[in-house]
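Values in this text are rule-based calculations from the coordinates and carry no lab data. Model, not experiment: these values are computed from the prediction. Using ideal geometry, Cβ is built from the backbone for each residue, glycine included, and neighbour counts are taken over all protein chains shown.
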Amino acid sequence: MIEYLNKNLNDMLELIGKLVNIDSGSKHKAGIDKVGKILIDEYKKMGFTIETQENNKFGNNLIIKHEDAIDTKILLIAHMDTVFPVGTALERPFKIKDGLAFGPGVADMKASQVTLLYAIKHLYETNDDAYKNVIIILNGDEEIGSPTSRKIIENISKSVDYALVMEPARKDGSIVSSRRGGGRYTLNVHGKAAHSGVAPEEGISAIEELAYKTIKLHKLTNHKKGISVSVGIIAGGDAVNMIPDSATGYVDVRVQSEEQSVEINEKIESICSIPDVKGTTIDLEGGINRPPMELDEKNQKLLSLIKEVGDSFGLTVTDTHTGGGSDASFPSHLGVETVDGMGPIGGKLHNEGEYMEIDSLVERCFLLSQTISKLSEETTIKTMSHAK
């Protein structure tokens, strides 16, 4: 397979460049669907069927499996959206320099899309039936919390044994074995407007109330326990000489465990239920939208298998924890053996200097293909065991 991939390396890089040069920010539906169309055409060439989940607001979500598939047990997840606004691809088009590929979304995760595609292509072209045992979700809203694709991922997760998520490997080459969970909250604070010079005593400041709440929310942070609560954006008031009657705070929350998710949610609700400034009220919206992906016994089992696959061809696979969220949390939370970071090595994600290490493209594609093949063998053994 290494020889096969090396022969196809230029084609892989060409396709990555084609995808990178398409703006596909989470709110740019046309761009996401354009990326999806290119990938759909590639999978159709191998006899895969595509179920398109139409979406009016965000990019369409795609469910892909082979026409000969019967009981798919391996879920592969890769997102088509990026964090970059329209026009970024024109400003910073795909380029290669000093063994690195650059461009918006090159690592997160356009190169991962191509890694997945060519891993499946190799299985298909070498008649390894493992490609019939996969179901692929390509979603268009991961970068904004997967509001439309989460249900799709969770529904399919109920019928699979394994989930491999195509986020890029970390810059040191590690795949991702655990992630913090997280959520978003919005505090809409209401007070009473008044002129700050003529009748300030008649006003009730929504901004003052939001300031008290910001301090209390930040005190929930405990970095040693992996808990982070941050009011990242605030807005309020109409004029500097007016007591503001409204203010809004947007809160980011990160947690290490499911227990912490419940505890932090309760504390946030409690803080927002009692006003510090008499006469103000708060409408609290949101919650924990991604459960943590914990390195439990099931995930450890899958991680060990992937490391064994790497050892079989001389690749030492390391793993790490990361604070960022991904779709890996959803199958893992439902008890599916899950590992993330199966894409090529990348760094400076979501930034102007985002890059992908070209030398990692072939080795990670090989690792993915052989992992799929090995997991397919495992599911066959399980099926035969159950039949007996």
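Worth pointing out:
- Trypsin sites (Lys or Arg not before Pro) within the range 238-290, DSSP loop, no more than 16 other Cβ atoms inside 10 Å: Lys278
- The chain: Rg to Rh, with Rh as the Kirkwood radius over Cα pairs: 1.05
- Taking one quarter of the surface of the convex hull spanned by the alpha-carbon atoms of the range 181-290 gives a direction-averaged projected area of 6.5 nm².
- DSSP assigns beta bridges within the chain; of those with both partners inside it, close to 70 percent run antiparallel.
- The trypsin sites (Lys or Arg not before Pro) of the range 18-56 that meet both conditions, a loop assignment by DSSP and at most 10 other Cβ atoms within 10 Å of the site Cβ, are Lys45.
- A DSSP coil position with no more than 14 other Cβ atoms inside 10 Å describes the following trypsin sites (Lys or Arg not before Pro) in the range 106-198: Lys158, Lys171.
- Size of electric dipole in the range 181-290: Cβ of Lys, Arg +1 and of Asp, Glu -1, about Cα centre, debye, nearest 20: 480 debye
- Once C-alpha pairs closer than 8 Å and six or more residues apart are averaged by separation and normalised to the residue number of the chain, the relative contact order reads 22 percent.
- Debye, to nearest 20: dipole size of the chain, +1 on Lys, Arg Cβ, -1 on Asp, Glu Cβ: 80 debye
- Helix runs (DSSP H) in the chain reaching 24 Å along axis by Cα, Kyte-Doolittle at least -1.0: 359-387
- Span from the the range 162-230 Cα centroid across to the the range 6-23 one, whole angstrom: 38 Å
- When only alpha carbons are used to place a centre, the range 30-88 and the range 317-332 end up 21 Å from one another.
- Ignoring lysines fewer than eight residues from Lys192 along the same chain, the ones with Cα atoms less than 17 angstrom from its Cα are Lys278.
- Simple rule: put +1 on each Lys or Arg Cβ and -1 on each Asp or Glu Cβ in the range 181-290, find the dipole, and look at Val262, Gly237, Ala211; the Cα lying farthest toward the positive end is Val262.
- Computed per residue of the chain from DSSP H runs no shorter than four, each worth -39500 (n - 2.57), the mean residue ellipticity at 222 nm is -11500 deg cm²/dmol.
- Tensor-based shape of the range 1-86 (alpha-carbon gyration tensor, a/c under 1.5 rounded, otherwise prolate or oblate): oblate
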